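The values are calculated or read from the model by the stated rules, or taken from the named source; none is laboratory data. Keep in mind that this is a model prediction, so the values were computed, not measured. Note that each Cβ is placed from the backbone with ideal geometry, even for glycine, and that neighbours are counted across all protein chains shown. SASA here: full protein model, heavy atoms, side chains in, ligands and nucleic acids out. Shrake-Rupley method; radii C 1.70, N 1.55, O 1.52, S 1.80 Å.
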Amino acid sequence: MKGKSMFYCTECGNETAKWAGRCPACGAWNTIVEQPQGAVGTGKGKKSTGSGKRLGRIVKAIPLTEIETEEELRFSTGMGELDRVLGGGAVKGSLVLVGGAPGIGKSTLMLQICQTLCDFAKVLYISGEESVGQLKMRARRLGVVGEKLYVLSETDLDDVLEAVEQERPDILIIDSIQTLYNSTLDSAPGSVGQVKDCTLKLMELAKGEGVTVFVIGHVNKEGSIAGPKVLEHMVDCVLYFEGDQHMSYRILRAAKNRFGATNEIGVFEMQGDGLAEVENPSQMLLSGRPEDAPGTCVTCVMEGNRPVLAEIQALLAPTSFSVPRRSSNGFDYNRAAMLIAVLEKRGGLKVSVCDSYLNIIGGLSLDEPAADLAAILALASSYLDQSVSGDLAAIGEVGLTGELRSVDQLSQRLSEVHRLGFRRCVIPKRHRQKLGTFENLQLIEVSNIGEAIRAVLGK
Ligand code: TYD
Ligand code: MG
């Protein structure tokens, strides 16, 4: 029977019966693609094998208290920053998806961790993108030598499973999920059906045989291939590797983690011989900061348990449009618009007639209200064309009446500000915590943005 077509969103994997210009689930434009029914891994054929297996099996739920388990087995990947994002090392038998734009360094990261993994495990690295010769060259460049590292250049899922059967690795790395395909389906490699089906098979491998699987997935803006978003619900862990391709810094963050928190970030630097861990991200993010230039202010945000200093830059310029332009990069757009309104109404600065640009340096994205005050000060500094002193940082949430509100973990943030040699820090007057004393760090307590602007910019 000729199956009816289904339609899928390449961004979020949502299924619909008919095509639409915009995905009803995630709202992305032009991401719906057609997928013949027969070609989708969740089709009829699969259901019958499922029910076939059930014959003779008794379905019975058991009380949770009667289930005995051991602690999940974790191992270190040899990269502290990656372990941190995974929640303290990789879990045996889990499936980790590493997503990111092409060229960001996913293959490099995976090949680099092989060096440590090979010490205690057998690793099979399957590349559908590079020949074994290219892999060898890359490994040599990265200084990866390991007897227990096996490589294979293959894209057919059956052959990959066959190789796994033969080699019985402890750890399997798939580079990338978009090049892998199941020849029994008629859709093209990289399509939603293929990507889902291949991931399902790899998931069975992970859960059934206890193989730890790392899967690389490209994030593709054009939407012609299925991105890792489609797979997020299936896998145990989703890590995204981000960063500006023109800059050497890379940030790894967890979007999902069945075995740990998702608020940690790992910071790396791409060097000539591979990725190096950055243990002091604050220093990295502040390097190259212009001293004494108007429109910049430093704040401290919490990335998981780690305080990280970030530089906020703002530019306000008289607009030549009837509606001023607003742009923000790494800072929530609506929050920025709110802060601009508060600055106008409560700070008394005529900023609404200006185009405004807000940018967070280093590819960081700030989603904490604690960064509000620094954003306000950067905006005011740009407007008044007067610089915030280079040894000053600012922490605090700003409310709609222009009041400063206290933030969590203030003393940890202050320690980081202190550690990086700042001399002054503006904080909310009403803070809930008892703060320690920091030598050579003067705390300037203010209760609203007017006071903050006067204290910092003298206006
Ligand atoms: P790669 O890991 O191939 O990216 P992905 O697998 O995410 O597509 O990384 C490619 C980029 O990294 C490439 O542009 C060159 C750069 N690079 C270095 O700067 N140093 C290195 O040692 C390596 C291996 C790559
Ligand atoms: Mg690659």
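Within region 351-366, the set of residues being on the phi < 0 side of the Ramachandran plot and open to solvent by 20 Å² or more (accessible area, probe 1.4 Å) comprises SER352, VAL353, TYR357, ASN359, ILE361, SER365.
To keep it simple, each residue is scored yes or no on (1) open to solvent by less than 20 Å² (accessible area, probe 1.4 Å); (2) within 24 Å of the chain's Cα centre (by Cα).
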{"residue": "VAL238", "(1), (2)": "yes, yes"}
{"residue": "ARG258", "(1), (2)": "no, yes"}
{"residue": "GLN271", "(1), (2)": "no, yes"}
{"residue": "GLN313", "(1), (2)": "no, yes"}
{"residue": "VAL342", "(1), (2)": "yes, no"}
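One residue stands out among those in region 90-109 that are over 18 Å from LYS207 (Cα atoms) and more than 8 Å from ligand 1 (Cβ to nearest atom): the one that is surrounded by the fewest Cβ atoms within 10 Å (Cβ to Cβ), which is GLY99.
Candidates in region 120-150 are the residues that are part of a helix (DSSP H, G or I) and touching a strand residue (DSSP E or B) at 6+ places or on another chain (Cβ under 6 Å); of these, the one that is surrounded by the most Cβ atoms within 10 Å (Cβ to Cβ) is LEU135.
Contact annotation: no residue pair with Cβ atoms under 6 Å, 6 or more positions apart or on different chains, pairs a residue in region 164-183 that is more than 21 Å from LEU73 (Cβ to Cβ) and free of Cβ contacts under 8 Å to residues at least 12 places away in the same chain with a partner that is open to solvent by 10 Å² or more (accessible area, probe 1.4 Å) and among the charged types (D, E, K, R). Residues in region 209-233 that are at pLDDT below 90, of a type in the set (Val, Ile, Thr) and away from ligand 2 (no atom under 16 Å from the Cβ): VAL230 only.
Residues that are within 16 Å of ligand 1 (Cβ to nearest atom) and within 26 Å of PHE268 (Cα to Cα) do not occur anywhere in region 181-196. In the condition set (1) under 30 Å from the mean Cα position of the chain (by Cα); (2) buried (at least 23 other Cβ atoms within 10 Å of the Cβ); (3) assigned to a loop (DSSP other than H, G, I, E, B), VAL388 is compliant with all but (1).
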